[in-house]
Amino acid sequence: MSDRPSIVVLTPLKNDAWILRRFLEVTTVFADRILIADQGSTDGGLEICRQFAKVTVIDNSASDYDETSRQQLLLSTARALVPQHRILMALDADEILAANAPGSQGWQRLLAAAPGTIVLFEKPNLYLSPFNCERRPPDFPGAFVDDGSPHRAQRIHSPRLPMPDGAPRLVLDDVKVLHYALVRPEAQKAKFRMYAALENVMRTKSLYWRRRYYWSGRVLQAAGPVEPTPREWFMNWESLGIDMTSVEDVQPYWQDLATLDLLLQHGSRRFWLDDLWEKDWSRFQREQARPGKLIPSPQAVTTLLQAGQRLLESLAGATRRLRRPHRTTK
């Protein structure tokens, strides 16, 4: 009898049909169970889920954005359905295991890791196209060899898995999780707008930090080196007939709809200083036939804030460069 741990993938879902089939076709190859916490998807994603035998859909019916309850729901369901030795992997639908990962030495180390181990992978961003990637350090805590530890979550940008203090960490340089978010740059901008509005309403970040985190001027800035995507990250999946490179980009994005609802619910003046106003919300409101009063941020305010932020970012960049150690040539 094999003592290999069961691999249980935990995934939130909301209108991710654009990438969901690819995600499930890949994930069903290496996972024993795939748990999907759906929050009211309306784009056909649930119909896609029903085509995969390993998928269990959980109704995440919370009306508010709350990652705490979502992650607890996924975690408790995984522990109830798979009570034996298990590895939990927390992957969004746009995070897809590279094709050469299951055959790697790192993957075998993952399967042999002791309970309580936090496992870190590299999560390269596919940059503006599947054929280019922004390389990252292997710092993505995408798996946990479950020992029953409690999960300390938070409402937004929560750790996805238990992160016990003092837990051993296994860093796997040869296991990559490909992040497809930046292949749809306009959707990424919509996501940043939504986060800025949410953190305003939740009061989880000050205006200063909302502007720094979600500034439109940095949404698509590469934070690491950009290089051609290695073919081996796709090849084994493509040999199984899985399409790894086509991208469907259908608007409106659900994140923009969520942001519009926040503007109407809480009053648009509340958000005048947030970096949301690159989008014409009045026009978008008319297109979506949403009732309510919306007053855009005055153009002078938006222009002044953007100019000030560009100056701030320039000064911050200069400070970082000055702090770098100087190298001498011998």
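Within the span defined as segment 60-78, every residue fails to be loosely packed, with under 14 Cβ neighbours inside 10 Å, closer than 30 Å to M202 by Cα and in contact with an Asp or Glu (Cβ under 8 Å, 6 or more places away or on another chain).
Consider segment 213-224 and keep the residues that are part of a helix (DSSP H, G or I) and modelled with pLDDT under 90. The one that is nearest to A99 (Cα to Cα) is R218. From the list K191, K176, the one residue that fits, being touching a Pro at 6+ places or on another chain (Cβ under 7 Å), under 23 Å from T11 (Cα atoms), basic (K, R) and modelled with pLDDT of 95 or more, is K176. In segment 82-134, of all residues being touching a helix residue (DSSP H, G or I) at 6+ places or on another chain (Cβ under 9 Å) and among the charged types (D, E, K, R), the one that is farthest from E67 (Cα to Cα) corresponds to E134.
In summary, strands (runs of 3 or more DSSP E) completely within segment 104-204 and bearing 1 or more residues that are over 20 Å from the mean Cα position of the chain (by Cα) and more than 23 Å from V82 (Cβ to Cβ) occur at 169-179.
Checking S69 against (1) touching a Pro at 6+ places or on another chain (Cβ under 8 Å); (2) at pLDDT below 95: exactly one of these is not met. Which one? Here S69 clears every test but (1). Do we have any residue at all in segment 263-280 that's buried (at least 16 other Cβ atoms within 10 Å of the Cβ) and under 24 Å from L13 (Cβ atoms)? Scanning segment 263-280 turns up no residue that is buried (at least 16 other Cβ atoms within 10 Å of the Cβ) and under 24 Å from L13 (Cβ atoms).
In segment 237-250, the residue that is farthest from R21 (Cα to Cα) out of those that are among the polar types (S, T, N, Q) and exposed (fewer than 11 other Cβ atoms within 10 Å of the Cβ) is S239. Can you spot a residue in segment 83-105 that is farther than 16 Å from D173 by Cα, surrounded by fewer than 16 Cβ atoms within 10 Å (Cβ to Cβ) and either of a type in the set (G, A, S) or touching a residue at least 12 places away in the same chain (Cβ under 8 Å) (or both)? Scanning segment 83-105, I find at least one residue that is farther than 16 Å from D173 by Cα, surrounded by fewer than 16 Cβ atoms within 10 Å (Cβ to Cβ) and either of a type in the set (G, A, S) or touching a residue at least 12 places away in the same chain (Cβ under 8 Å) (or both), so the answer is yes.
The values are calculated or read from the model by the stated rules, or taken from the named source; none is laboratory data. Computed from a prediction, not measured in an experiment: that's the story for all the values here. Counting neighbours? That spans all protein chains shown, and the Cβs are built from the backbone with ideal geometry, glycine included.
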